[in-house]
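Chemist: Before anything else, here's the structure in question.
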Amino acid sequence: MSVAVKTATLPNGLTILGEVDPAAHTAAAGFFVRTGARDEPTPLMGVSHFLEHMMFKGSQKRGALQVNEDFDRIGASHNAFTSGEMTCFHAHVLPEHLPAAVEMLADILRPALRQADFDEEKGVILEEIAMYEDNPFMALYERMLEHYYKGHTMSHRVLGTKESITALERDAMAHYFNDRYASDTMALAVAGRVDFDALVKQVAQVCGAWPGGMPGRAHPAFKPSAADFKQTMANLSRAYLGMMMPAPALNDPRRYAASLVAQVLGDTEGSRFYWSLVETGLAEEATCNFEGRDGLGEYLVLSACTKEAVPEVKAKLLQEMESLPSTLDQAELDRAKARIATAVALAGERPAGRMTRLGSLWAYGIPYATLDEEMQRIDKVTLDDLRQSLRDFPLQPVVTGLLHS
């Protein structure tokens, strides 16, 4: 039997989305919330991620130990993530355990936010921030975002800063939760072997009383800020070079061409950066990624090399980007399409991948398309589409950053 796509909306606005596959051996469920680091007031930077941690500290019904024991009891593969624009809580289980998994996810989404748990978890978050600060690529990336999105909340660090997390108070977190975790800014996405009608009835019982709110998201006028900076980090054995420039938003049809541009230019294997910098031994790493967001987007170029090689690496990266529009060929495009199509297909082979895709499309306000439709759209992209995308979004760095010892 083919996959059936189903949707429902509770009276309080909570959306339920499903890709039902009776032939699947497992089922996955995830609550998606349209809130992330860009939706935080700057003094509360990091509260979305901190709140994600606090969910697993338990509700009025369950403490932290009981949450873990209950998920373990049904053999759930469960986790959560926070990004700049969404938060997700998910579980992948055998079909007979899906109702229990949904009940547990719904329960922790009404967190107790106990003061003792808050104080304990603050230390965990601060350790996580310190760990990220020791990661050269992450340290460079966050600094680049702060320059590029200067004056925009997209510049917020997902984990926050030592200062913002240290100053954060439990009551401010509770206020943020009440404001942002409204039922009409949340969706439950499910995939796999699911009794959708029974699921809707269950969700109505456990989530039907959740309050709405429609907090929305600000989309202020934005122009990226130019910057060229250098930063030192102790004990680095190599230098890290980054460049950032405008790209289509994730809800822009030109995202398909942008994804293919990034593949041709900077995939980890077989791309122009790979052959000109990595294969030749000039750089250890050289990549280009398309970072699509809600109403915004950027290309991110990253490279790692010896400190002495930085000038030559930078020149090579710029040369490859400048020459791309006039030298693109069909063979490159076909290879890029094949790599993206494979990645899309692999992600769709497991219910967890389908669930994540389903919820992410909803979170970004992108109309639903089947995997087959998505792959057909990729296949229809032409060389002219890529060239037009490169005219609309030229590969000219707005922010350049260098991290070295």
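Chemist: Identify all residues within region 29-50 that are in contact with a Ser or Thr (Cβ under 7 Å, 6 or more places away or on another chain) and small (Gly, Ala, Ser); write none if there are none.
Modeler: 30, 36, 37, 46, 48
Chemist: I would also like to ask the following. Buried (at least 19 other Cβ atoms within 10 Å of the Cβ) and either modelled with pLDDT of 95 or more or under 30 Å from residue 10 (Cα atoms) (or both): which single residue out of 198, 262 fits that description?
Modeler: 262
Chemist: Turning to a different aspect of this structure: Mind checking which residues of region 75-129 are assigned to a strand (DSSP E or B) and within 25 Å of residue 154 (Cβ to Cβ)? So that I can check it myself, show each step before the final result.
Modeler: Taking region 75-129 as the starting set, the residues that turn out to be assigned to a strand (DSSP E or B) are 77-82, 87-93, 111.
Matches in region 75-129: 79, 80, 81, 82, 87, 88, 89, 90.
Chemist: Which residues, taken from region 339-383, are among the small types (Gly, Ala, Ser) and within 19 Å of residue 20 (Cβ to Cβ)?
Modeler: Within region 339-383, 347, 348, 352, 353, 359, 360, 369 qualify.
Chemist: Shifting gears a bit: If residue 269 passes every condition in (1) surrounded by fewer than 21 Cβ atoms within 10 Å (Cβ to Cβ); (2) over 20 Å from the mean Cα position of the chain (by Cα); (3) modelled with pLDDT of 95 or more but one, which one does it miss?
Modeler: (3)
Chemist: Can you say whether residue 327 is under 21 Å from residue 251 (Cα atoms), out of contact with any helix residue (DSSP H, G or I) (no Cβ under 8 Å at 6 or more places or on another chain) and among the hydroxyl-bearing types (Ser, Thr, Tyr), as far as the supplied structure shows? Step through it out loud before you land on a result.
Modeler: Values: under 21 Å from residue 251 (Cα atoms): no; out of contact with any helix residue (DSSP H, G or I) (no Cβ under 8 Å at 6 or more places or on another chain): yes; among the hydroxyl-bearing types (Ser, Thr, Tyr): yes.
The answer is no for residue 327.
Chemist: Moving on to the next point. Right, residue 185: within 27 Å of residue 347 (Cβ to Cβ), hydroxyl-bearing (Ser, Thr, Tyr) and under 19 Å from the mean Cα position of the chain (by Cα) or not?
Modeler: When the stated conditions are applied, residue 185 passes them.
Chemist: Same structure again: Is region 227-238 home to any residue that is without any contact (Cβ under 8 Å) to a residue 40 or more places away in the chain and in contact with a Lys or Arg (Cβ under 9 Å, 6 or more places away or on another chain)?
Modeler: For region 227-238, residues without any contact (Cβ under 8 Å) to a residue 40 or more places away in the chain and in contact with a Lys or Arg (Cβ under 9 Å, 6 or more places away or on another chain): absent.
Chemist: Say whether the condition of being surrounded by fewer than 16 Cβ atoms within 10 Å (Cβ to Cβ), within 24 Å of the chain's Cα centre (by Cα), closer than 25 Å to residue 325 by Cβ and of a type outside the set (A, V, I, L, M) is met by at least one residue in region 237-258.
Modeler: The answer is yes, given that some residue of region 237-258 is surrounded by fewer than 16 Cβ atoms within 10 Å (Cβ to Cβ), within 24 Å of the chain's Cα centre (by Cα), closer than 25 Å to residue 325 by Cβ and of a type outside the set (A, V, I, L, M).
Chemist: Run down 186, 245, 233 and say which single residue is closer than 30 Å to residue 273 by Cβ and either assigned by TED's automatic domain parsing to the domain that holds residue 151 or touching a helix residue (DSSP H, G or I) at 6+ places or on another chain (Cβ under 7 Å) (or both). Can you show your working first?
Modeler: On the way: 186 fails: closer than 30 Å to residue 273 by Cβ; 245 fails: either assigned by TED's automatic domain parsing to the domain that holds residue 151 or touching a helix residue (DSSP H, G or I) at 6+ places or on another chain (Cβ under 7 Å) (or both).
Testing whether each residue is closer than 30 Å to residue 273 by Cβ and either assigned by TED's automatic domain parsing to the domain that holds residue 151 or touching a helix residue (DSSP H, G or I) at 6+ places or on another chain (Cβ under 7 Å) (or both) leaves just 233.
Chemist: Would you pick out the residues in region 199-236 that are under 30 Å from residue 99 (Cβ atoms) and hydrophobic (A, V, I, L, M, F, W, C)?
Modeler: Across region 199-236, the qualifying residues are 199, 200, 203, 204, 206, 207, 209, 210, 214.
Chemist: Within the group 342, 356, 327, which residue is surrounded by fewer than 18 Cβ atoms within 10 Å (Cβ to Cβ), at pLDDT 95 or above and closer than 28 Å to residue 244 by Cβ?
Modeler: 327
The values are calculated or read from the model by the stated rules, or taken from the named source; none is laboratory data. Note that the coordinates shown come from a computational prediction; the quantities given were computed from them, not determined experimentally. We place every Cβ from the backbone using ideal geometry, glycine too, and count neighbours over all the protein chains shown.
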